[in-house]
Amino acid sequence: MLSSIAKPFAALALAAALISIVLAALGASPVGVFAALGEGAFGSWYACVDTIVKSTPLVFTGLAVSLAFSGALWNIGADGQLTVGAIAAGAIGPHLGNFPHAIAVAIILAAGVLGGAVWGGVAGWLRARRDVNEVISTIMLNFVAVQALSWVVHGPLMEPSHAYPTSSPIARAAQLEFYFAPSRINLGMILAVVLAAACYLLLFRTGAGFELRAMGRNRRAATFFAVRIPALTFWVMALSGALAGLGGAVQISAISHRLYEKLSPGWGFEAIAVALVARLNPLGIIPAAILFGALDNGSQAMQRTQGISPELVQVIQGLVILIILAFDTPAWRGLRENIFGAPHDAAAVPPVAEMPDA
Amino acid sequence: MLRANAITKRFGRTLALDAVDFEALPGEIHALVGENGAGKTTLMNVMAGSLAADHGEAILDGRPLQPGSPRAALAAGIAAVHQSPMLFERMTWEENLALGGFDTGAGALDLDAIATRARSLAAKLGFEMPPAGATVENRSVAERVRLEVLRALSFNPRVLILDEPTSVLAPSELTAFLDLLRSLRGEGRIVVLITHKLAEAIAVADRITVLRRGRVVARTTPARTSEEKLAGLMIGEIVTQPVASATPSHSGDPVLQIENLTLDDHTGRRILDRLSFRAAAGEIVGIAGVDGNGQTELVEVLAGARRPSSGKITVLDGSSGGAMAVIPQNRDLDGLILDMRLWENLILARPLREQVTSHGWLNTSHAIDLCRELIDRFRIRAPGPETIAGALSGGNRQRLEVARAIASRPRVIVAHNICRGLDLAATAEVHRTILDFATGGGAAILISSDLDELLAICGRLLIISRGKIRETNPGERDPERLGLLMAGARD
């Protein structure tokens, strides 16, 4: 019992020590930097809420990635799927003013789900029917989505004054309310937690989830035992896209209220790291996403108060994640499993070398 | 001299090797025999450096080997051929051999030179090689084993350890292979042959060491022992002959009907050529053939993993459970998901999956109970349903597959090389299970390259050769004549 408490602290201490060396070498004060990081991420009620706001899109995209990866479908396209979901939400959002709040919210979120599902589904269909490697198709679809967003905010969806490359704001009725205002806690976050639980149940408590995991572990054996691989591939990619697209819609509905270029700072890519840190366990996605969100949030405070350059902030983020992943000794595994949950499947996440099915 | 001194190795709660001493001399073929799970493979892995022992050491010519380093073992002159071929599936066979000792070039990789050297060695051994540039993934198990043997010999090793190499070789290859072992012995090398074919051990070995449950129970020579004595030592009790008699050739209504089944591969090559046959309730039908004549593809088609180009497969009266259960030959790749739990592997079978699923929800505790029941009933040696399939020994993996097939309550069981790598007791057990299944009104199709096995249990024998199937005369039991048919002779 004692060791299970001590281990995480020992691990964090080692991480801190390594980073301190880097910081000291660069002439910064490690203590000040860490204090600022912690203060920025969790120092106040508002800091905490901000951390959660930053984590929310990572939960949606992280779930999208972990679901697809569980079936050995390497969905690198959560960013594109989120973007298309956001475009769909941003396009329909301004026209929902005459609906009651609940209906308007349902419609805008459904639009995001649909947009993401189509984007993921295309990659799934290409893999299932045309045997196009999903790594390639999802990366390509990312480019298409990002350029599509850029086009719509300069073209068809540009706000009426044509002064700024953004869309018109969505109707008030379609905006997710903030509970405990002025904090920005909203329904999207609750939805994220509920969906994490739902994904967990889907993967580990349903027949379809079992087939998905079997396909991920041993595709050949799965074909021998009547798993309908093409259909499963399509639906999982569509569902994965739907989760990411919903993340995009939540972002539009709750936070940004309009479309603009570079809406996603790379949530769909960070999601891959989130999913791998969580060992593809949907319940682990939440703490993993909060870790990333906290690093992101805290590092801004680090920049402000300690004058640390944004590049170094990213170095620190990278180091923390690497330390979490790299030390695969029992003690470290214990730490990881304490925080992010034990992987339900016996084996670890497949190493990167096995990933693309070239 | 190769020595193993008091080697102890533990896997979790299982004591795989318990202070085992072993020695083999230059110019000797030393057979290592034992039941599945007796520790033969573990001992080999310790000597070949793939595993580090908990206690004890392996010594070659007075020099201790670095534990847990296959590279050091290889440098010292120990090469191993593993039971499950360790090959790179998506690479060509030449590329696979490039990791062997054929590659003498400094830096530059010359695949042509490697292929030439490999072919000349293969010709000396009487091995047939795949076409140039063929990837391993579509090759038969026998071809894979041949590649492994070639790779091991390419190092020109002083010690060659072979784990069940002969179980998948064709009869014509077997003779040449045993001659090869003798000639290696003649060159003063140490040959360690792990086998469960006792006749083979007696025929070719100079000395025999018997393992049982991780302990050496006997050291003997062929002159001082017999198959029966060895079998008794291995199992610890007197065993009777596996299965007394073959089943009646016709007993019930037709259950399986296959008509003009044809399969062309993507290059248009004909793999299965208008196969037609039937099986009746209560019947065990054997399909004998040299590996690589379309058996693997036939199993894939029957399992539904591959769509035939034309033809019809009908299972009549699939009233209860699944219509057909398939036991593929490559249990580690096709039949099981080694890093999933036993109960998860169990519900890979669709009928069982459906049995424990209601409205889409998986009833895991139901699945675990079912698994526990089958572990008991089929005497699978495993701590429990939550065990990872990869932790089971080969024989217990096969028991799990058979248990799964029977539990799906099919009308037809199709099994490919079902007893490959199994010892006498396990083989007898599997045969008895299949026999019970047939007696209970099912039809079993056993596909195998082991003619003796098929003759022992099958009521009717078909021969598959170059994708074509032919019936044999009901009375035809002469292995030599059947062997000729397997090799493609026409009457």
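The values are calculated or read from the model by the stated rules, or taken from the named source; none is laboratory data. Remember, it's a predicted structure, so these values are computed and weren't measured experimentally. Positions of Cβ are generated from backbone atoms using ideal geometry, with glycine treated the same way; all protein chains shown enter the neighbour counts. We work out accessible area using only protein heavy atoms, side chains counted, and drop any ligands, DNA or RNA first. Shrake-Rupley method; radii C 1.70, N 1.55, O 1.52, S 1.80 Å.
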- Message: I'd like to check one number: the per residue accessible area of the protein assembly as shown, probe 1.4 Å, reported in Å² as a whole number.
- Response: 42 Å²
- Task: May I ask for the accessible area buried between chains A and B, both sides summed, probe 1.4 Å, to the nearest 100 Å²?
- Result: 2400 Å²
- Item | For segment A:51-97: span of alpha carbons on each principal axis (Å, largest first) | 42, 25, 12
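So if we plug the beta-carbon distance of A:E177 and A:Q314 into 1/(1 + (r/R0)^6) with R0 = 30 Å, what FRET efficiency do we get, rounded to 0.05?
Working: r = 34 Å, r/R0 = 1.13.
After rounding to 0.05, the efficiency reads 0.30.
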- Message: Can you work out the Karplus-derived ³J(HN,Hα) for every residue in segment B:454-466? Use 6.51 cos²θ - 1.76 cosθ + 1.60 with θ = phi - 60°, whole Hz, and x for glycine or proline.
- Response: 5, 4, 6, 10, 8, x, 9, 10, 10, 10, 10, 8, 6
- Message: Once each part is reduced to its C-alpha centroid, what is the distance from segment B:384-436 to segment B:351-366 in angstrom?
- Response: 22 Å
- Query: Which percent of Cα pairs goes in each bin when the distances of segment B:2-235 are cut into 10 angstrom slices starting at zero?
  - Reply: 8, 32, 36, 19, 4, 0
- Message: If I take R0 = 45 Å and measure r between the Cβ atoms of A:A17 and B:T175 in this structure, what FRET efficiency does the formula 1/(1 + (r/R0)^6) give, to the nearest 0.05?
- Response: 0.10
- Query: Using alpha carbon centroids, what distance separates segment B:153-212 and segment B:19-75, in Å?
  - Reply: 16 Å
- Using r as the Cβ-Cβ distance of B:R215 and B:D110, and R0 as 60 Å, what FRET efficiency do you calculate, to the nearest 0.05? 0.80
- Task: State the extension gain, in nm to one decimal, for the chain segment bounded by B:R477 and B:D264, taking 0.36 nm per residue of separation less the distance between their alpha-carbons.
- Result: 73.4 nm
- Query: Which whole number gives the average count of other chain Cβ atoms within 10 Å of the Cβ atoms across peptide B:323-334?
  - Reply: 2
- Hydrodynamic radius by Kirkwood for segment B:254-486, inverse mean 1/r across distinct Cα pairs, in Å, is 18.2 Å
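Using only helices, what value at 222 nm comes out for the protein assembly as shown when you add -39,500 (n - 2.57) per DSSP H run of length 4 or more and divide by the total residues, to the nearest 500 deg cm²/dmol?
-15500 deg cm²/dmol
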- Query: What do you get for Rg/Rh of chain B when both radii come from the Cα atoms and Rh is the Kirkwood radius?
  - Reply: 0.96
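Counting partner chain Cβ atoms within 10 Å of every residue's Cβ in A:213-221, what's the average?
Mean partner shielding for this stretch: 6.
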- Largest-first semi-axes in Å of the equivalent ellipsoid built from the Cα gyration tensor of segment A:2-354 are 31, 29, 18
- Toward the positive end of the charge dipole of segment A:56-206, about the Cα centre and with charges on Cβ (Lys, Arg +1; Asp, Glu -1), which of A:V132, A:F99, A:V153 goes farthest? A:V132
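What Kirkwood radius, in Å to one decimal, follows from the Cα pairs of the protein assembly as shown?
30.3 Å
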- What is the average number of partner chain Cβ atoms found within 10 Å of a Cβ in B:301-307? 3
- Query: Ignoring ligands, DNA and RNA, what percent of the 1.4 Å accessible area of chain B is carbon and sulfur?
  - Reply: 49 percent
- Item | Cβ crowding within 10 Å averaged over residues, with B:428-437, A:111-120, B:364-373 ranked highest first | A:111-120, B:428-437, B:364-373
- Which value in nm describes the separation of the simple spin-label points at B:K229 and B:F155, placed 7 Å from the Cα toward the beta carbon? 3.5 nm
- Task: Under a cut-off of 27 Å between alpha-carbon atoms, report the lysines in cross-link reach of B:K124, not counting same-chain residues fewer than 8 places apart.
- Result: B:K197
- Pair B:S183, B:E23: separation of 7 Å Cα→Cβ label points (nm): 3.1 nm
